[in-house]
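The values are calculated or read from the model by the stated rules, or taken from the named source; none is laboratory data. The structure displayed is predicted, hence computed values, not measured ones. No Cβ is skipped: glycine too gets one built from the backbone with ideal geometry, and neighbour counts run over all protein chains shown.
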Amino acid sequence: MADDIIAVKPEIAAKARVDAAKRDAMVAAEARDADAFWRSEMTRIAWMKEPTKIKAVDFTGDVSIKWFWDGELNASVSCLDRHLATRGDQVAIIWEGDDPNSDSKVTYRDLHARVCKLANAMRKLGVKKGDRVCIYLPMIVEAAVAMLACARVGAIHSIVFGGFSPDSLASRIQDSACSLLITADEGRRGGRKVPLKANADEALLACPSIRHVIVAKNTGGTVAMKDGRDHWWEALTAGEPDTCEPERMNAEDPLFILYTSGSTGKPKGVLHTTGGYMVWAAFTHDNVFDYRDGEIYWCTADVGWVTGHTYIVYGPLANGATTLMFEGVPSWPDNGRFWQVCAKHKVNIFYTAPTAIRALMRDGEAPVRKHDRSSIRILGSVGEPINPEAWLWYYRVVGDERCPIVDTWWQTETGGILISPLPGAVAQKPGSATLPLPGVKPAIVDGEGNILDGAAEGNLVILDSWPGQMRTIYGDHPRFAQTYFSTFPGKYFTGDGARRDADGYYWITGRVDDVINVAGHRMGTAEVESALVAHQSVAEAAVVGMPHDIKGQGIYAYVTLKAGVEPTEALRKELVAWVRKEIGPIATPDAIQWAPGLPKTRSGKIMRRILRKIAANETDGLGDTSTLADPGVVQELIENKVG
Ligand code: WT7
């Protein structure tokens, strides 16, 4: 079943802008003369000064990546100004609230005005080109306005997902020394309120770099406002003009920082620059989703993640699309919400995560069938491997076997999609992200870095740069070179494992490092461990991913308590609550096992390979345990496995 092939339907190929022949031509054109190919693709965005230099990349030594590097532009102009003459009255953003009775529509003209007013107000607060601005907002239109206003004045935005704790917010603000925070009184999700301003107030006790806070009124809930520091968005922007001179940015000036988890240490600030990122966002959104003028496009992600950056805001708006922003969750007020919203707004392109599909699958077909999905033309998947069963359900039940599914593989670091079918050009196999986009050069290498040809399984690397690639880790370029280019020198290492079949199709098998993917949210096991050991009762902790039916992976924690501390159910609950408070609800451990000892090598290194197998109930194949300092602990852990 997993090797089923679903051919491109002739009626889809006939209408798609990229069919198989066109895709072949693109791949060939890029291979023949990459500079010429990108010189032509770069015209998808608006330049103030057209680049003459296309690409200067070195994946060795200090690592240096530059695209379009003598060009000048402003990302907000590509997303707004240049559309005003042709589509000023077209809806840019459809906002659908958590409450099914609340929605609104913002035209390109309105959006431009709102962005300009905020940008003017930000300049008055002293925000200048290169300053860092933290955005901690729910899924409301203001989130897109804030991003584009930062771009307008040349400030670098750093969005922190609204589900993160005050501590997580504070450490991200500190790392990039943000001077302005944009937040809201409260967020709404699934009928509940999220106390964003209260969280921010707590975080800011440890953030001396923040000089001003702009607060959007969303729920109207009562919040504390600090005189001189905190400003209501509405009052601050009301008197500002609705035009604003855009800052001239070099193509390689930063557009945003987005923190993401790695296998070690604190989350790192992935930095994207302006020109290459915008070209990649526009190029991929257009080709992968086959976007057509007038269509309604909905990506269900949150702007707190890279998917929201590239495929709710920058990509769709650069392409003049109508993008839907959804504040709520798939299960509220009931599990038909996604399809109710699709019917209500006549959504044509729908892009979501496998974890949502699996959760909805559990409730059967009725909640889907109840709503009219005939407007949907293309379905997309992102964030984690989609199992063939979920893929086929998505295809049959949601798409009525009419709609191609684009399973898009990419990462925060890649800025946009790298491996995905083009819906009118590439036959799909359920569970495979299929083929690289034109210009993307993946390879599979073995543990020693040897490139494997033909059908093969190993580590996924990318051999050459693409315009949307991250340029550095904010404030730590050596860590950038070390993290991504030292494992397999001269190649970009993705951290993922992959298999390539005889047709050249890629099947992503998941992370091969100490990063786990919980319901599409990326998390470093080290982060959860350091939260656990920060608790007074905990001596040591080891965290691994475990298979989870809905979330893909769940969080399994082995905890060694300090001498004299009793392992009680109350303490277990306390530790779960502790991690939620330290990091945020997305880091909630699914299982905690008391571990009198952890399997370690004689040099003291925890053998996670063994812990992963125990958590997955795969204790038959534990492999070699003879190098363990105390092989007895393994048996103890197996016998007391949780769940
Ligand atoms: C990791 C990146 C891509 C934007 C959202 C997540 C996994 C992502 C797929 C896919 C298999 C996928 C990978 C990757 N991943 N998309 N279609 N098939 N795995 O971005 O938080 O940076 O996570 O998500 O493991 O490395 P992210």
Original post:
Across the stretch 267-302, what is the total count of residues that are among the aromatic types (Phe, Trp, Tyr) and not in a helix (DSSP H, G or I)?
Top reply: 3
**OP:** Tell me which residues, restricted to the stretch 181-200, are touching a Leu at 6+ places or on another chain (Cβ under 8 Å), assigned to a strand (DSSP E or B) and among the hydrophobic types (A, V, I, L, M, F, W, C).
**Re:** Leu181, Ile182, Ala184
**OP:** Determine whether the stretch 527-534 contains at least one residue that is touching a helix residue (DSSP H, G or I) at 6+ places or on another chain (Cβ under 9 Å), closer than 30 Å to Gln593 by Cα and in contact (Cβ under 8 Å) with a residue 60 or more places away in the chain.
**Re:** yes
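Matching residues to (1) touching a helix residue (DSSP H, G or I) at 6+ places or on another chain (Cβ under 6 Å); (2) farther than 23 Å from Leu125 by Cα; (3) surrounded by 19 or more Cβ atoms within 10 Å (Cβ to Cβ):
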| residue | (1), (2), (3) |
| --- | --- |
| Asp227 | no, no, no |
| Trp233 | no, no, yes |
| Glu245 | no, no, no |
| Ala251 | yes, yes, yes |
| Phe256 | no, no, yes |
| Thr260 | yes, yes, yes |
| Lys266 | no, yes, no |
| His272 | no, yes, yes |
**OP:** Pull up the stretch 238-266, narrow it to residues that are within 17 Å of Ala155 (Cα to Cα), part of a loop (DSSP other than H, G, I, E, B) and in contact with a strand residue (DSSP E or B) (Cβ under 7 Å, 6 or more places away or on another chain), then point me to the one that is farthest from the ligand (Cβ to nearest atom).
**Re:** Arg248
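Could you list, in sequence order, the residues of the stretch 602-637 that are within 35 Å of the chain's Cα centre (by Cα), surrounded by 11 or more Cβ atoms within 10 Å (Cβ to Cβ) and of a type outside the set (D, E, K, R)? Write out each step before concluding.
Pass one, the stretch 602-637, residues within 35 Å of the chain's Cα centre (by Cα): 604-619, 621-623, 637.
Restricting the remaining residues to those that are surrounded by 11 or more Cβ atoms within 10 Å (Cβ to Cβ) gives 605-619, 622, 637.
Hits for the stretch 602-637 are Ile606, Met607, Ile610, Leu611, Ile614, Ala615, Ala616, Asn617, Thr619, Leu622, Leu637.
Mind checking which helices (runs of 4 or more DSSP H) fall wholly inside the stretch 1-49 and carry at least 1 residues that are of a type in the set (Val, Ile, Thr)?
Values: elements: 10-15, 20-32, 34-41.
It comes to 10-15, 20-32.
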Original post:
Which condition number in (1) within 28 Å of Thr355 (Cβ to Cβ); (2) out of contact with any Leu (no Cβ under 8 Å at 6 or more places or on another chain) is the one that Glu566 fails?
Top reply: (1)
Original post:
For Asn459, are the conditions met, namely being more than 10 Å from the ligand (Cβ to nearest atom), assigned to a strand (DSSP E or B) and touching a strand residue (DSSP E or B) at 6+ places or on another chain (Cβ under 7 Å)?
Top reply: yes
Original post:
Only one of (1) away from the ligand (no atom under 15 Å from the Cβ); (2) in contact with an Asp or Glu (Cβ under 6 Å, 6 or more places away or on another chain); (3) among the hydrophobic types (A, V, I, L, M, F, W, C); (4) in a strand (DSSP E or B) fails for Ala443. Which number is that?
Top reply: (2)
**OP:** Inspect the stretch 402-423 for any residue being more than 15 Å from the ligand (Cβ to nearest atom) and within 18 Å of Ala353 (Cβ to Cβ) and give the result as yes or no.
**Re:** yes
**OP:** Pairs only if they're at least six apart or on different chains, beta carbon under 7 angstrom, first in the stretch 363-392 and within 16 Å of the ligand (Cβ to nearest atom), second of a type in the set (Asp, Glu) and not in a loop (DSSP other than H, G, I, E, B); list them, first residue then second.
**Re:** Ser381/Asp407; Ile386/Asp407
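Quick one: would you say Arg192 is among the charged types (D, E, K, R) and within 15 Å of Gly584 (Cα to Cα)? Please lay out each step first, then the result.
Working: among the charged types (D, E, K, R): yes; within 15 Å of Gly584 (Cα to Cα): no.
No; evaluated as a whole, the condition is false for this residue.
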**OP:** Answer yes or no as to whether Leu255 is more than 23 Å from Glu327 (Cα to Cα) and touching a His at 6+ places or on another chain (Cβ under 6 Å).
**Re:** yes
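Tally time: how many residues in the stretch 262-276 are in contact with a Pro (Cβ under 8 Å, 6 or more places away or on another chain) and closer than 16 Å to Gly475 by Cα?
Residues of the stretch 262-276 that are in contact with a Pro (Cβ under 8 Å, 6 or more places away or on another chain), as a first pass: 271-276.
Filter again for closer than 16 Å to Gly475 by Cα, leaving 271-273.
So the count comes out to 3.
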Original post:
Which one is farthest from Val579 (Cα to Cα), of the residues in the stretch 479-512 that are over 18 Å from the mean Cα position of the chain (by Cα) and among the acidic types (Asp, Glu)?
Top reply: Asp503
Subject >> Residues located in the stretch 588-636, provided they are polar (S, T, N, Q) and assigned to a loop (DSSP other than H, G, I, E, B) >> reply: Thr588, Ser603, Asn617, Thr625, Ser626, Thr627
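Restricting to strands (runs of 3 or more DSSP E) lying wholly in the stretch 466-525: which have 1 or more residues that are within 10 Å of the ligand (Cβ to nearest atom) and over 30 Å from Ile6 (Cα atoms)?
Counting at least 1 such residues, we get 515-518, 521-524.
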Original post:
Pairs, please: C-beta under 7 Å, at least 6 apart or cross-chain, first residue surrounded by 12 or more Cβ atoms within 10 Å (Cβ to Cβ) and at pLDDT 95 or above and in the stretch 36-52, second assigned to a loop (DSSP other than H, G, I, E, B) and of a type in the set (D, E, K, R)?
Top reply: Met48/Arg248; Pro51/Asp70
Subject >> Test: residue in the stretch 106-125 that is touching a residue at least 60 places away in the same chain (Cβ under 8 Å) and part of a strand (DSSP E or B) >> reply: no
Original post:
Among the listed residues Ala170, Ala224, Ala235, Ala203, which satisfies the condition of being part of a helix (DSSP H, G or I), over 26 Å from Ile257 (Cβ atoms) and either hydrophobic (A, V, I, L, M, F, W, C) or in contact with a Lys or Arg (Cβ under 7 Å, 6 or more places away or on another chain) (or both)?
Top reply: Ala235
Original post:
Looking only at residues in the stretch 625-643 that are out of contact with any helix residue (DSSP H, G or I) (no Cβ under 9 Å at 6 or more places or on another chain) and charged (D, E, K, R), which one is modelled with the lowest pLDDT?
Top reply: Asp630
Subject >> Candidate set from the stretch 402-438 (those that are among the β-branched types (Val, Ile, Thr) and assigned to a loop (DSSP other than H, G, I, E, B)); member that is surrounded by the most Cβ atoms within 10 Å (Cβ to Cβ) >> reply: Ile417
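Residue by residue through the stretch 127-166, note down the ones that are among the polar types (S, T, N, Q) and over 16 Å from the mean Cα position of the chain (by Cα). Quick ask: steps written out before the conclusion?
Residues of the stretch 127-166 that are among the polar types (S, T, N, Q), as a first pass: 158, 165.
Within the stretch 127-166, Ser165 is the sole residue that qualifies.
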**OP:** Please work out if Phe493 is buried (at least 21 other Cβ atoms within 10 Å of the Cβ) and in contact (Cβ under 8 Å) with a residue 12 or more places away in the chain.
**Re:** no
Subject >> Condition broken by Gly454, with the remaining ones in (1) of a type in the set (Gly, Ala, Ser); (2) more than 16 Å from the ligand (Cβ to nearest atom); (3) in contact with a helix residue (DSSP H, G or I) (Cβ under 8 Å, 6 or more places away or on another chain) satisfied >> reply: (3)
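Could you check, for the stretch 303-313, whether at least one of its residues is in a loop (DSSP other than H, G, I, E, B), surrounded by fewer than 21 Cβ atoms within 10 Å (Cβ to Cβ), more than 12 Å from the ligand (Cβ to nearest atom) and touching a residue at least 60 places away in the same chain (Cβ under 8 Å)?
Filtering the stretch 303-313 down to residues in a loop (DSSP other than H, G, I, E, B) leaves 303-305.
The next check asks that each one be surrounded by fewer than 21 Cβ atoms within 10 Å (Cβ to Cβ); those that pass are none.
Checking the stretch 303-313: not a single residue is in a loop (DSSP other than H, G, I, E, B), surrounded by fewer than 21 Cβ atoms within 10 Å (Cβ to Cβ), more than 12 Å from the ligand (Cβ to nearest atom) and touching a residue at least 60 places away in the same chain (Cβ under 8 Å).
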